[in-house]
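Undergrad: A single structure is presented below for examination.
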């Protein structure tokens, strides 16, 4: 069989199951008696084994099978969840992730040696003393509503059936096969109950078998003949339900609950119980979404061109057409953006495992709190934000959180806390990584900055705390006394700043001694279409992102002050840098007149402000960002370009690099 056509689907499904394994193993470590989580982990391992086996990836299937055996022993009550068992399961999970990564890169399974971890897993089973256990009670679990429905249906000539279906282990898409079975049964009547639930079956949260209660007018042989024609089914069992047996069993169950002091649960109580999020999603090829986004971009360019035509032809019809086109493009833009937006949870859910491993390696007790995981951001940001967050979390655990002895001496809880938080702020999404540790030693940072010649001793005396904290983002800067396999090489914070600014965002830091450190990342919601202010410098047009602008004002030429060979202006009591864009952009014919006010745009980067001098303001516009290409990638002052309505190209200024 040529499996290449199914490889992408296998990769996508496997990643989801591995992430589910990772999340649920972390829960199991804290709740070893949680049978629901144990069953969920078992199902994921079982599904992985079947998928890998059907694709011919024997090593991956064998390892998943070894995990499945251990989990099956645990769920049957024959093995306890110990630290050693959890470490082995996590080790096996890491090996599975490595095998999947190799398959994604080379298309074939790599010759990794799994004999050690497999022997470890098998050893747990062999050394376990078998305990007596009772299998789950089989049979129907129908409530009063189902009984009433069956009673009424029998009066109308329907026959109630209990139908149990078991799929073959080689079945690739269990949910799709179950859907075909459901459709076949519904040709004869109605399905009123399923075990597991329909939602769980749709999401493949079941093993190989499922059962339904159906009301049909056909005979058992007719229904069985129809179901036997469906492929990938191992066995089918159909039994007619006796209404008297059900009512008798329900009476016994109610008596048992009453004897245990359990009252009947009301419908309102059931409704108020917390339920699992459905998490329904559809997979869309990102290239198709990018193509759709590009079409929207062209529509916006056409809209801008219409606006230019309107200046010369003042016709009511033209104005109406432009207004209509504007509404259509805005709606289309919103629709496409929603399709591209996915919860940041897909990134955040990687980090509980990261913190768990770091805690073990450093000997610290650390808890990770996640807030705002449902916050949605553009897919492009999701792909890029993971690496910076890894560095920040590793830094928080290694540098920020103190050892249990230090925390006890300071009167702090022995368990340190790292918080990962996401929320919206206007047109930006803000991600915060904070800890309740020792904070950043300002004096130590300043001393190291002077040692590395990042600042002179004289200039160091006049620096503010925020300016000193910015040194930690310099390449090669580290205050660690020794290099560990976690940190100390001085590359982490540099990577964070470079990556965040390449996405048009900013990163700030706030730290207080013995209270903790907080890193604040601000990112635009989308990296494709933004609001800008168009300005002219000489004969050229430039765009400044609206999200970076604080205010536009005019200042007298005489108010520009020279301090240490640098120009500043007084902005509401603050001395902020004055940047002559004509000089920075090398526009030789553009000079500031000796008299009259100068138009300046006050821009911000986090807490920092600067005043940019411009010749003329053209107005606010929604523009499409076009990349500069590899040839111009080193021009840091410009983040991209756009095409204006009249066909001219306007460069988009990168405020982060200007400041």
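The values are calculated or read from the model by the stated rules, or taken from the named source; none is laboratory data. Because the structure is predicted, anything quoted here is derived from the model rather than measured. When we count neighbours, we look across all protein chains shown, and the Cβ atoms used for this are built from the backbone with ideal geometry, even at glycine.
Undergrad: So which residues in the stretch 81-113 are under 29 Å from residue 28 (Cα atoms) and assigned to a loop (DSSP other than H, G, I, E, B), if there are any at all?
TA: 81, 82, 112, 113
Undergrad: Oh, and also: When you look at residue 53, is it in contact (Cβ under 8 Å) with a residue 24 or more places away in the chain, assigned to a loop (DSSP other than H, G, I, E, B) and over 24 Å from the mean Cα position of the chain (by Cα), yes or no?
TA: When the stated conditions are applied, residue 53 does not pass them.
Undergrad: Oh, and also: Scan 424, 324 and give me the residue that is surrounded by fewer than 16 Cβ atoms within 10 Å (Cβ to Cβ) and under 22 Å from the mean Cα position of the chain (by Cα).
TA: 424
Undergrad: Given the conditions (1) exposed (fewer than 14 other Cβ atoms within 10 Å of the Cβ); (2) modelled with pLDDT of 80 or more; (3) not in a helix (DSSP H, G or I), report the number of the one that residue 163 does not fulfil.
TA: Of everything listed in (1) exposed (fewer than 14 other Cβ atoms within 10 Å of the Cβ); (2) modelled with pLDDT of 80 or more; (3) not in a helix (DSSP H, G or I), residue 163 misses just condition (1).
Undergrad: I'd like to know if the stretch 122-133 contains one or more residues that are under 40 Å from the mean Cα position of the chain (by Cα), in a loop (DSSP other than H, G, I, E, B), on the phi < 0 side of the Ramachandran plot and modelled with pLDDT of 70 or more.
TA: No - not one qualifying residue is present in the stretch 122-133.
Undergrad: Inspect all residues belonging to the stretch 8-28 and state whether any of them is in contact with a helix residue (DSSP H, G or I) (Cβ under 8 Å, 6 or more places away or on another chain), surrounded by fewer than 18 Cβ atoms within 10 Å (Cβ to Cβ) and more than 24 Å from residue 346 (Cβ to Cβ).
TA: no
Undergrad: May I pose another question? What are the pairs with Cβ atoms under 7 angstrom where one residue, in the stretch 562-585, is free of Cβ contacts under 8 Å to residues at least 12 places away in the same chain and the other, located anywhere, is in a strand (DSSP E or B)? Sequence gap at least six, or different chains.
TA: 566/577; 568/561; 568/575; 568/576; 568/577; 568/578
Undergrad: Are any of the residues in the stretch 320-336 within 17 Å of residue 290 (Cβ to Cβ), in contact with a helix residue (DSSP H, G or I) (Cβ under 6 Å, 6 or more places away or on another chain) and either at pLDDT below 75 or not assigned by TED's automatic domain parsing to the domain that holds residue 292 (or both)?
TA: yes
Undergrad: So which residues in the stretch 65-103 are under 14 Å from residue 118 (Cα atoms) and free of Cβ contacts under 8 Å to residues at least 24 places away in the same chain?
TA: Answer for the stretch 65-103, where residues must be under 14 Å from residue 118 (Cα atoms) and free of Cβ contacts under 8 Å to residues at least 24 places away in the same chain: 65, 87, 94.
Undergrad: Then there is this: Could you say which residue among 445, 450 is in the same structural domain as residue 385 (by TED's automatic domain parsing) and crowded, with 18+ Cβ neighbours inside 10 Å?
TA: Testing whether each residue is in the same structural domain as residue 385 (by TED's automatic domain parsing) and crowded, with 18+ Cβ neighbours inside 10 Å leaves just 445.
Undergrad: Out of 354, 346, I need the residue that is at pLDDT 85 or above, assigned to a helix (DSSP H, G or I) and surrounded by fewer than 18 Cβ atoms within 10 Å (Cβ to Cβ). Which one?
TA: 354
Conditions (1) modelled with pLDDT under 80; (2) over 30 Å from residue 56 (Cβ atoms), marked per residue:
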| residue | (1), (2) |
| --- | --- |
| 86 | no, yes |
| 91 | no, no |
| 113 | no, no |
| 117 | no, no |
| 137 | yes, yes |
| 159 | no, yes |
| 168 | no, no |
| 174 | no, no |
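Undergrad: (1) outside any loop (DSSP other than H, G, I, E, B); (2) at pLDDT below 90: which one isn't true of residue 440, the others all being true?
TA: Condition (1) is where residue 440 drops out.
Undergrad: Hey, another quick one. Do we find a residue being in a helix (DSSP H, G or I) and at pLDDT 85 or above anywhere in the stretch 369-384?
TA: Among the residues of the stretch 369-384, not one is in a helix (DSSP H, G or I) and at pLDDT 85 or above, which makes the answer no.
Undergrad: Taking the criterion of being in a loop (DSSP other than H, G, I, E, B), in contact with a strand residue (DSSP E or B) (Cβ under 7 Å, 6 or more places away or on another chain), modelled with pLDDT of 80 or more and under 14 Å from residue 551 (Cα atoms), would at least one residue in the stretch 603-615 satisfy it?
TA: Let us first name the residues in the stretch 603-615 that are in a loop (DSSP other than H, G, I, E, B), namely 606-607, 614-615.
Remaining after also requiring in contact with a strand residue (DSSP E or B) (Cβ under 7 Å, 6 or more places away or on another chain): 606-607, 614-615.
Filter again for modelled with pLDDT of 80 or more, leaving 614-615.
This time we only want the ones that are under 14 Å from residue 551 (Cα atoms), so: 614.
Within the stretch 603-615 (the criterion being in a loop (DSSP other than H, G, I, E, B), in contact with a strand residue (DSSP E or B) (Cβ under 7 Å, 6 or more places away or on another chain), modelled with pLDDT of 80 or more and under 14 Å from residue 551 (Cα atoms)), the answer is yes, since at least one residue qualifies.
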